[in-house]
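Peer 1: Take this structure first; my questions come after.
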Amino acid sequence: QVQLVESGGGLVQPGGSLRLSCAASGITFSMYVMAWYRQAPGKQRELVAVLGSGSSTNYADSVKGRFSMSRDNAKNTVYLQMNNLKPEDTAVYYCKADSRFKVYWGQGTQVTVSS
């Protein structure tokens with residue numbers, strides 16, 4: 001049974017930081033391209049960052065310079081370090097695992113940026 005479990009969301013003030021984690025089980029983690037998406041109320045889900053098995057990471061323009069994605073293949077976990085958070089970063093953040101043949105999603109974790 002495949003599971004992606006996100007954690008680390010919460011309420012933070014503008015300018016603050018959060019670190020999201022996504023722990024995967026039931027897949028050969030190193031073979032999957034991992035990504036973070038987010039969906040704000042009334043908006044479509046959008047790509048935040050994507051990281052393959054190598055070290056190359058791509059980010060949405062809106063988060064470049066503020067967010068950093070990393071993975072630990074030994075722990076089957078990906079992370080999203082979010083700094084200098086803004087109210088417009090408020091959304092449910094989802095983890096996705098993609099092997100071209102199979103795609104899996106986590107249940108999401110809420111991030112709210114508000115004073």
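Peer 1: Using Cα pairs closer than 8 Å and at least 6 residues apart in sequence, work out the relative contact order for the range 12-63, in percent.
Peer 2: On the way: 46 pairs, mean separation 12.4, N = 52.
After rounding, I find 24 percent.
Peer 1: Calculate, in nm to one decimal, what Ala40 and Lys86 gain on full extension: separation in residues at 0.36 nm each, minus their alpha carbon distance.
Peer 2: Details: separation 46, 0.36 × 46 = 16.56 nm, distance 1.30 nm.
Extra length from Ala40 to Lys86 when fully extended: 15.3 nm.
Peer 1: If you don't mind, there's one more thing I want to ask. Taking 0.36 nm per residue of separation and subtracting the Cα-Cα distance, what length does fully extending Trp105 through Val2 add?
Peer 2: Details: separation 103, 0.36 × 103 = 37.08 nm, distance 0.94 nm.
Going from the current span to full extension adds 36.1 nm.
Peer 1: What percent do you get for the relative contact order of the range 26-105 when only Cα pairs under 8 Å and 6+ apart count?
Peer 2: On the way: 121 pairs, mean separation 26.6, N = 80.
Once normalised by length, the contact order is 33 percent.
Peer 1: Could you provide, to the nearest whole Å², the per residue accessible area of the chain with probe 1.4 Å?
Peer 2: Details: 6190 Å² over 115 residues.
For the chain, the solvent-accessible area averages 54 Å² per residue.
Peer 1: For the chain, which whole percent of the accessible surface, found with a 1.4 angstrom probe, sits on carbon and sulfur atoms? Before the final figure, lay out the partial values.
Peer 2: Numbers: 2870 of 6190 Å².
Reported share for carbon and sulfur atoms: 46 percent.
Peer 1: Run through the range 1-101 and list the trypsin sites (Lys or Arg not before Pro) located in a DSSP loop whose Cβ has at most 12 other Cβ atoms within 10 Å. Kindly include the intermediate steps, with their values, before the conclusion.
Peer 2: Values: sites: Arg19, Arg38, Lys43, Arg45, Lys64, Arg66, Arg71, Lys75, Lys96, Arg100; in loops: Lys43, Arg45, Lys64, Arg66, Lys75, Arg100.
Hits after loop and neighbour filter: Lys43, Lys64, Lys75, Arg100.
Peer 1: To the nearest Å, what is the center-to-center distance of the range 66-115 and the range 1-52, using C-alpha atoms only?
Peer 2: 2
Peer 1: For the full complex of protein chains and a 1.4 angstrom probe, list Glu6, Glu46, Glu88 by accessible area with the highest value first. Don't jump to the answer; show the numbers that get you there.
Peer 2: Values: Glu6 10, Glu46 80, Glu88 125 Å².
Ranking Glu6, Glu46, Glu88 by accessible area, largest first, yields Glu88, Glu46, Glu6.
Peer 1: Going 7 Å from the Cα of Asn58 toward and past its Cβ, which residues in the range 79-104 have a backbone nitrogen under 15 Å from where you end up?
Peer 2: Flagged as within label range: 98-100.
Peer 1: For Ser68 and Ser17 in one chain, what is 0.36 nm times their gap in residues minus the Cα-Cα distance, to one decimal in nm? Don't skip to the answer; put the middle values down first.
Peer 2: Values: separation 51, 0.36 × 51 = 18.36 nm, distance 1.13 nm.
Extending this stretch completely gives an extra 17.2 nm.
The values are calculated or read from the model by the stated rules, or taken from the named source; none is laboratory data. This structure is a prediction, so every number in the text was calculated from the model and none was measured. For neighbour counting, all protein chains shown are included, and Cβ atoms are generated from backbone atoms with ideal geometry for every residue, glycine included. Side chains included, ligands, DNA and RNA excluded: accessible areas come from the protein's heavy atoms. Shrake-Rupley method; radii C 1.70, N 1.55, O 1.52, S 1.80 Å.
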